[in-house]
Structure formats: structure tokens, C-alpha cells
Amino acid sequence: MAKVYVLGTSNSIIGIRGYVEALKMSHYVLNKSCGRNSLFYHVAHILQNREAIEACDFLLVDHYGNDANHYGGVLGESYDTYLEYFYFLLSTLNVHVVNIMFPRRRHVFKEVHEKVVKVANQYNITTVDLGQLEFRREHFIDDFHIDRFTSYMLGMFLSREIDRVSNDVPHGGVLNRFPMRVIAAKQLCSDEALQTFSNSLVSVEYFSLESSFSISLAASERVVSLGYFRAFNEVKSQAFCVNSVMAGVVARDKGFYQEYVGEIEPGRVELVPILGQNENVPVMAKRGQTSGKFVPPCLVNLLTIDDSAKCEGGSASRDLLKFDLSGLIVSIDSCKSKAISSEEIPDGAIDKIRDTAVSMESENLNIASGLMRIAALYRPTGPFIVKKNSEYRMLKIKEKSRQ
């Protein structure tokens, strides 16, 4: 049994009932994934949790999808620099690091694929590029997320490969200096003001920014990312003003996010809460604006970068691992076909299952979700069924996060 640390985004959250669940059948798994996040989330998490990660045998990293869809463009030319720093940091970890590149039906920034593969190879980080397999439309929930069954079968194959590859844990890695650092909430507020949120995936400390404050940084150091928290029952807007740059939060995003702030001047940072009724506040790292009544935002951390600093340290001694996923697609298709009776099922029966699921959604989400998944087995490309399965999945993830 291996100890596996998972640090991913939305495909790894869907994987709670997918590949992560399958891995847990044979291995001890600690999943610390957080959806819709940039690689800044991964950097900040590693800097704060290095000891816990190195206590494991494997670190599975899932970051490529959000970069290919969004942050590869938002960060512009700076993306290459941050990607280089991230993989240098990964290389210093004394643990097997596996970069899982989930497949995508659509790439907004296609050049990100080559960049990630290149830098991973440069630092001898094992890459499992699922985009090289012949996944089809029926294996996806949408353009960016594989479905739960496909994810579960992936986990079965990953579990087998983790058992098979070398047990010699990488060693000798050391981080002497890194251009980025985390300034945590507990360093910025009193003990009385510090609050905590925890669920099965994340545990964060934060404080409510009621008034402005400023801190001094090195002359060449600047804030690049801001960690914030939105309670799941919060309905009002949040926003920060960072050195006069307005940074709004999308109201529908609940939980913890490590977001890109933008270009902030170095040397000193002043944070001011945006309060009361406000219109057209620019949203962090997003096109568009947000308006409404704003309440004090919740600050988790500041992630800074010193443009004059260099990466110093040494990569761990590690071998590239060979993960053999041949036969995965055939296995997924075979298992799905066996789950469906060979006897012809009339459309009316599928409609009845679908409609019963909808009628149950407010009364019992688990039963509604189960029925809709059964409907999907017989009509996997039905637009309404696909839509409702995605909706139920997200609702169940949110329910689990509140527990």
C-alpha cells in the first residue's frame, strides 16, 4: 500500500467518486484538491505543506487543465516563468511526482500543452498525458471534465501502475531559496480575528478584512496571488483593492481560491476592503465586472514573488516512471456495455427514469442522482440527462464541502 497525495483541480474533485475512490481501494490517499484554481494554488500549498507531502510516496499533480483553458492566457508571457518555478519546486520534493494531464475536448490555449510537457521533462517529472489516449465525447461530462465512471476506471489503472513502479522514494532534494513565499492570514491578523474552515479537501485559516492595512515587502517583491475564502451560504459580493487595483470575487464561487491578482507594483502592499453598494468592480483574473452590495472579504494569504531572487537548491534523485495505460479505453467501453442489458429498452422507460429523478431532486438528491446515472447508461448523450448529471454532481460536491 502506497501513500498518495493528490493536489489537483476540478477533475480531481470529481475524482472523489472517481479515480480517487478507486485509488483508495488499494492505497492510502490524501486528497487536497481545489477546483478552478491556477498553479499558484499548487505553489502556495506545497510551500505550506512540504513536510506532509514528503511523508507520502507519491504526489499526483493535476494543474494543466485550468492553464490550458484559462491561465495560460491570463498570465501572458509571465506564464512561462511561473511554470518554470513551479516545476523547479516540484523537482526538489523527496517524493514520486506524477503530473496528470487530463484530456480536454477543447483547448483554449493549445500552446500550454507543449510548454507543460517540456518543463516536466526538463525537471525529470513523470507525466501521464491522458490526451494521448482516444477518449470520445461519451467519456466526458463537458469539454473539460471526464465523467465519474471514466475517472473511476482511470483510478483502477493508476492504482495498478503505482503498485508496479519502483518503491525507491526519491531523495536528496533540497530547497534553499525560492522567489515566491506565502504570507498567511495568521501573520496578518490577531489570534482573535483568525477563523478556520475545514472539510474533507481543504483546511484554511482566514480573517475578515474590515479595514485597510499595509505591509512592507522587499524593494523588488510584489504580490502576485491572493488567497480568499467565500462561505457557502454567502450571497453578497466581496472585493479587495490591492495597491489601488480593484480585485472582485465572482459571487457564485464558494470556498477557497488562490487567484491571480494582476500586475502590482513592488515594495509595499496596501489592502483595502470594498464595502457597501458598488458597481462594475473588475473581477480578478476574469473578464467582466461584478456589482451589488459588498461585505468584508475574507483573506487567506498573500503569495508574493521577488523578481530579483533566483531558485536555489537541488532536485531529488528520481527516475521517470512508466505508467502503462494501454487498454484503458477498451476497458471503460467494455464495462459500460456490460452494465447495459442486451435487451432493448424502450425510450419511454428511459424517459420515466429521467422524469422520476427530476421529481426526486428536492426530496432526496442521492436517489435523484442515482436514477439519472441509470438513465445515462441507456442514453449517454442525451443533452438533458448529461446536463442534470453534471448539475447533481456539483450539488453533491457542494453538500460534501459543507459537512
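Points worth noting:
- Selection status of Ile125, under 27 Å from Val224 (Cα atoms) and surrounded by 20 or more Cβ atoms within 10 Å (Cβ to Cβ): yes
- All positions within the stretch 74-88 that are touching a strand residue (DSSP E or B) at 6+ places or on another chain (Cβ under 7 Å) and under 28 Å from Val4 (Cα atoms): Tyr85
- Tyr82 vs. criteria aromatic (Phe, Trp, Tyr), farther than 22 Å from Cys56 by Cβ and modelled with pLDDT of 95 or more: yes
- Taken over the stretch 291-312, the criterion of being of a type outside the set (S, T, N, Q), in a loop (DSSP other than H, G, I, E, B) and closer than 18 Å to Ile264 by Cα is satisfied by Asp307, Ala309.
- Only one entry of Asn99, Asn94 meets the criterion of being at pLDDT 95 or above, under 16 Å from the mean Cα position of the chain (by Cα) and in the same structural domain as Ser33 (by TED's automatic domain parsing), and that entry is Asn99.
- Selected residue [out of contact with any Asp or Glu (no Cβ under 7 Å at 6 or more places or on another chain) and more than 25 Å from Ile14 (Cα to Cα)] from Leu154, Leu75, Leu83, Leu130: Leu75
- Flag for Gly227 being modelled with pLDDT of 95 or more and either farther than 30 Å from Leu321 by Cβ or of a type in the set (D, E, K, R) (or both): yes
- Residue satisfying condition, being closer than 30 Å to Ser26 by Cα, touching a residue at least 40 places away in the same chain (Cβ under 8 Å) and of a type in the set (A, V, I, L, M), within set Val174, Val165, Val182: Val165
Yes/no per residue for (1) part of a strand (DSSP E or B); (2) touching a strand residue (DSSP E or B) at 6+ places or on another chain (Cβ under 8 Å):
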| residue | (1), (2) |
| --- | --- |
| Phe109 | no, no |
| Ala120 | no, yes |
| Glu138 | no, no |
| Asp143 | no, no |
| Tyr152 | no, no |
| Gly155 | no, no |
| Glu161 | no, no |
| Ile183 | yes, yes |
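- For the stretch 287-294, the count of residues that are without any contact (Cβ under 8 Å) to a residue 60 or more places away in the chain and among the aromatic types (Phe, Trp, Tyr) is nonzero.
Yes or no, residue by residue, for (1) among the aromatic types (Phe, Trp, Tyr); (2) buried (at least 16 other Cβ atoms within 10 Å of the Cβ); (3) within 15 Å of the chain's Cα centre (by Cα); (4) not assigned by TED's automatic domain parsing to the domain that holds Lys396:
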{"site": "Val223", "(1), (2), (3), (4)": "no, yes, no, yes"}
{"site": "Ala231", "(1), (2), (3), (4)": "no, no, no, yes"}
{"site": "Asn243", "(1), (2), (3), (4)": "no, yes, no, yes"}
{"site": "Val249", "(1), (2), (3), (4)": "no, yes, no, yes"}
{"site": "Gln258", "(1), (2), (3), (4)": "no, yes, yes, yes"}
{"site": "Gly262", "(1), (2), (3), (4)": "no, yes, no, yes"}
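- Yes/no for Lys286 being basic (Lys, Arg) and touching a strand residue (DSSP E or B) at 6+ places or on another chain (Cβ under 8 Å): no
- Condition check for Ser317: modelled with pLDDT under 95, touching a strand residue (DSSP E or B) at 6+ places or on another chain (Cβ under 7 Å) and either assigned by TED's automatic domain parsing to the domain that holds Thr92 or hydroxyl-bearing (Ser, Thr, Tyr) (or both): no
- For the stretch 74-98, a residue qualifies if it is touching a helix residue (DSSP H, G or I) at 6+ places or on another chain (Cβ under 8 Å) and of a type in the set (A, V, I, L, M, F, W, C), and the qualifying residues are Leu75, Leu83, Phe86, Leu89, Leu90, Leu93, Val95, Val97.
- Scanning the stretch 361-381 for residues that are part of a loop (DSSP other than H, G, I, E, B) and either at pLDDT below 80 or surrounded by fewer than 17 Cβ atoms within 10 Å (Cβ to Cβ) (or both) yields a count of 6.
- Qualifying position, being surrounded by fewer than 17 Cβ atoms within 10 Å (Cβ to Cβ), aliphatic (A, V, I, L, M) and in contact (Cβ under 8 Å) with a residue 12 or more places away in the chain, among Val358, Val283: Val358
- Scan of the stretch 130-154 for residues that are of a type outside the set (A, V, I, L, M) and within 17 Å of the chain's Cα centre (by Cα), ordered by number: Asp142, Asp143, Phe144, His145, Asp147, Arg148, Ser151
- Test result for His107, within 20 Å of the chain's Cα centre (by Cα), surrounded by fewer than 19 Cβ atoms within 10 Å (Cβ to Cβ) and either on the phi < 0 side of the Ramachandran plot or of a type outside the set (Val, Ile, Thr) (or both): yes
- Flag for Ser78 being in contact (Cβ under 8 Å) with a residue 12 or more places away in the chain and either in the same structural domain as Ile125 (by TED's automatic domain parsing) or within 25 Å of Leu154 (Cα to Cα) (or both): no
The values are calculated or read from the model by the stated rules, or taken from the named source; none is laboratory data. No experiment lies behind these values; they were computed from the predicted model shown. FYI the Cβ positions are ideal-geometry reconstructions off the backbone, even for glycines, and counts take in every protein chain you see.
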